[in-house]
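K.L.:
Please see the structure below; I have some questions.
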Amino acid sequence: MVETKGTAETSPTVVEAYRDYAPPPIFRRLVENLLRAVPPRYFLGLKTIILTNQEGESRDRKRQKVWSRNRKIRLVDARGYYSLASRSSEASIVLHVDNILRGMRPWELKAPLLCYEPLATVLYHEIGHHIHAEHKPVYEGKENVAEDWSGKLSGRFYRQHYWYLMPLFYPIWSLNKACRWMARRPRSD
């Protein structure tokens, strides 16, 4: 068995399965750009990333409900979900493109920083579920762990993709951190 490290073979396959829906032409490229920023070791066991819409889901999936942060939601109303590996199928991530893009204005898909934000949040959150389930289990709430991974992977992407903006972001980040520290300090009036 030949092991390939860091090649495209370790990256999951992106599959588009829409029904009566045409996503923006740039969407798949955005997903592929975001996937390039994830270390390949975290993709082990993750077979596919399916891009679909609500209508593209099967009847059973449309009826299915899942727990999210102490409440039940319909699976098709979610922006995405992670399916664990089973005996008959490998792990996969499903992204509902129509739900992700709901509320976005058309010009936001053309703005360099803004076009990645809603997609990165969802995609990296679901990859965080995979990392939590397969690679680094942490015994906290599953959603909290996935949110942490989403933040880490998003930060990595923006540092790699927009490295030239980092001199602007570090002073803003430091100022924000100092303001939060000052707000927490007890006042001595």
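Read-outs throughout are calculated quantities, based only on the coordinates presented, and are distinct from any laboratory measurement. Computed from a predicted structure; not experimentally measured.
K.L.:
Rounded to whole Hz and in sequence order, give me ³J(HN,Hα) for region 146-152 from the Karplus expression 6.51 cos²θ - 1.76 cosθ + 1.60, θ = phi - 60°, writing x for Gly and Pro.
P.N.:
Going residue by residue, I get 5, 5, 4, 5, 4, x, 5 Hz, with x marking Gly and Pro.
K.L.:
Separate question: Taking 0.36 nm per residue of sequence separation and subtracting the Cα-Cα distance, how much length would be gained by fully extending the chain between N176 and M104, in nm to one decimal?
P.N.:
Contour length minus Cα-Cα distance gives 23.3 nm.
K.L.:
Using a Gaussian network model of the chain whose springs link C-alpha atoms within less than 10 Å, name the residue from V122, V94, V15 with the highest mean-square fluctuation.
P.N.:
Comparing V122, V94, V15 in the GNM, the peak value goes to V15.
K.L.:
When the scattering of the chain is computed by the Debye formula from its Cα atoms alone, each counted once and equally, what is log10 I(q)/I(0) at q = 0.09 Å⁻¹?
P.N.:
Relative scattering, expressed as log10 I(q)/I(0), comes to -0.39.
K.L.:
Further question on the same structure: Where Rh is the Kirkwood radius over the Cα pairs of region 85-189, the temperature 4 °C and the viscosity 1.567 mPa s, what D in µm²/s does Stokes-Einstein return?
P.N.:
After rounding, the answer is 78 µm²/s.
K.L.:
Please list, in order along region 125-130, the HN-Hα scalar couplings obtained from phi with the Karplus expression 6.51 cos²θ - 1.76 cosθ + 1.60 (θ = phi - 60°), rounded to whole Hz, x for Gly and Pro.
P.N.:
For region 125-130, the Karplus curve yields 5, 5, 5, x, 4, 5 Hz.
K.L.:
So, one more: Enumerate lysine pairs in region 8-184 that are 8 or more residues apart or on different chains, then count those whose Cα atoms are under 25 Å apart.
P.N.:
Lysine pair count for region 8-184: 13.
K.L.:
To the nearest 10 degrees, how steep is helix 166-184 against the longest Cα principal axis of the chain, on a 0 to 90 scale?
P.N.:
In the chain, helix 166-184 runs at an angle near 70 degrees to the longest axis.
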